[in-house]
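Chemist: This is the structure I have questions about; it appears just below.
Please treat every number below as a calculation from the coordinates, not as lab data. Because the structure is a prediction, the values reported are computed rather than measured. Note: ideal-geometry Cβ built from the backbone for every residue, glycine included; neighbour counts use all protein chains shown.
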Amino acid sequence: MNKKRKNQENLLKNIEELRRHLVKLVQEKGVGHIDVVILSQRLDEYLVQFHKNST
């Protein structure tokens, strides 16, 4: 397995973990809570990185 593919797989694992955490956090604290916003922004960063590496 090449390095780029391994990196993409790690990113996908992180994205999925953050996504699950975000869903749980929204249910607990509501969509407008600062912790939800911060986690959402972190997830966005991972998604952008994944997209950049895909091209």
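Chemist: Within the bounds of the range 20-28, is there any residue that is outside any helix (DSSP H, G or I) and over 14 Å from the mean Cα position of the chain (by Cα)?
Modeler: Looking through the range 20-28, none of the residues is outside any helix (DSSP H, G or I) and over 14 Å from the mean Cα position of the chain (by Cα).
Chemist: Working only within the range 41-55, note down all residues that are in contact (Cβ under 8 Å) with a residue 24 or more places away in the chain and within 16 Å of K3 (Cβ to Cβ).
Modeler: Q49, F50, N53, S54
Chemist: Hey, can you tell me all the residues within the range 32-55 that are exposed (fewer than 11 other Cβ atoms within 10 Å of the Cβ) and either touching a Ser or Thr at 6+ places or on another chain (Cβ under 8 Å) or outside any helix (DSSP H, G or I) (or both)?
Modeler: Within the range 32-55, G32, T55 meet the criteria.
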